[in-house]
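Rule-based calculations on the coordinates, nothing more; no lab input. Small disclaimer: the values here were computed from a predicted structure and weren't measured. Cβ placement follows ideal geometry from the backbone for every residue including glycine, while neighbour counts extend to all protein chains displayed.
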Ligand SMILES: [Zn+2]
């Protein structure tokens with residue numbers, strides 16, 4: 001069974017409502033309640049919640065949910081996003097032992113702006129929607145939007161919050177370090193690189209300063225709901241490989257949570273710490289990464305990762321070197337850098353814990 005409903009998330013100063021669409025597949029259905037749509041699902045079967053594009057320029061997650069929709073409702077129409085190998089007959093919504101709830105565009109405002117955050121005129125308190133979960137029904141615009149979606153997410157047994165990075169960032173999945181349920185869900189999603197993010201007392205000051213406690217993943221994990229944040233490659237453009245990775249990941253997550261039969265593919269990747277090593281530009285100039293350095297590569301401490309040069313004199317200002325052993329999870333592609341900019345992000349490998 002598939003049902004969908006228009007959901008009003010908040011209203012703009014002009015009175016125009018901010019709306020999005022919520023979908024339910026499987027054993028539960030969306031019904032009209034007093035306060036808008038709500039999920040009516042049997043209490044004894046699992047619910048998985050997935051959303052995309054709370055950072056609106058991160059459009060591949062939306063494409064993933066569309067492709068998944070096509071497979072679940074058995075519609076064989078060509079979606080046109082080029083994810084060819086995903087076209088074999090897949091599971092249908094009728095086969096789901098549980099309920100999948102999806103929101104393809106969690107933040108329509110940033111989606112319309114093709115942006116990461118909203119302008120201050122819309123939300124002076126929190127321009128980044130992914131810093132205010134679980135939201136507040138009487139709070140700022142983003143807090144209200146988050147609270148409206150939390151009515152669905154907060155009732156789920158597992159959450160996948162689809163994001164995308166950029167061509168300069170390796171595809172990976174973030175989960176809360178030390179949480180076995182989140183780790184299991186991350187392995188089921190199946191990206192080669194998993195980043196374990198510390199939280200609370202184990203986190204660094206940057207974590208607090210940047211408001212990471214308000215991420216959907218963190219807020220939900222703290223409520224006991226296993227949650228992961230896949231970061232698929234590329235914002236702004238639909239990339240077939242990223243869509244394929246995301247669809248495969250969603251099917252793996254649905255298997256792991258028991259909505260689909262069978263086990264997820266065994267995972268054999270690398271785990272590293274999130275938010276740790278950064279090779280910083282000492283001087284402004286033009287950055288040229290080492291020609292053979294690609295995101296996802298292993299690097300050793302002291303290894304040359306590129307150089308910053310003066311564009312007028314051609315003088316080398318800095319030979320940039322990895323500050324630790326690890327995985328190059330980001331490599332700056334935009335050559336013009338300012339002092340203090342991140343040239344290469346290095347995630348430190350950690351062993352199973
Ligand atoms: Zn994002």
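As a proxy for reagent exposure, ranking 290, 143 by other Cβ atoms within 10 Å from fewest up yields 290, 143. Put a dot 7 Å past the Cα of residue 94, heading toward its Cβ, do the same for residue 334, and the two dots end up 5.1 nm apart. Entry note, the chain: the mean residue ellipticity at 222 nm calculated from DSSP H runs of n ≥ 4, each adding -39500 (n - 2.57), is -6000 deg cm²/dmol after division by the residues and rounding to the nearest 500. Annotation: the residues 270, 114, 295, sorted from fewest to most other C-beta atoms within 10 Å of their own C-beta, follow the order 114, 270, 295.
The simple spin-label model puts a point 7 Å past each Cα toward its Cβ; for residue 278 and residue 265 those points are separated by 3.4 nm.
In the chain, the DSSP beta bridges split such that about 65 percent are antiparallel, to the nearest 5. Neighbour counts of other Cβ atoms within 10 Å put 280, 228 in the fewest-to-most order 280, 228. With the cut-off at under 18 Å, measuring from each backbone N in the stretch 320-353 to a point 7 Å along the Cα-to-Cβ line of residue 312 picks out 336-339.
Subtract the Cα-Cα distance of residue 293 and residue 201 from 0.36 nm times their separation in residues, and report this length gain in nm to one decimal.
Details: separation 92, 0.36 × 92 = 33.12 nm, distance 3.43 nm.
Separation in residues times 0.36 nm, less the Cα-Cα distance, equals 29.7 nm.
Spin-label model, residue 73/residue 300: points 7 Å from Cα along the beta carbon direction are separated by 5.4 nm. Taking only the C-alpha atoms of the chain, Rg followed by Dmax gives 20.8, 70 Å. Between 43, 56, 285, where does the largest GNM mean-square fluctuation fall for the chain, given springs only between Cα atoms within less than 10 Å? Greatest mean-square fluctuation among the candidates belongs to 43.
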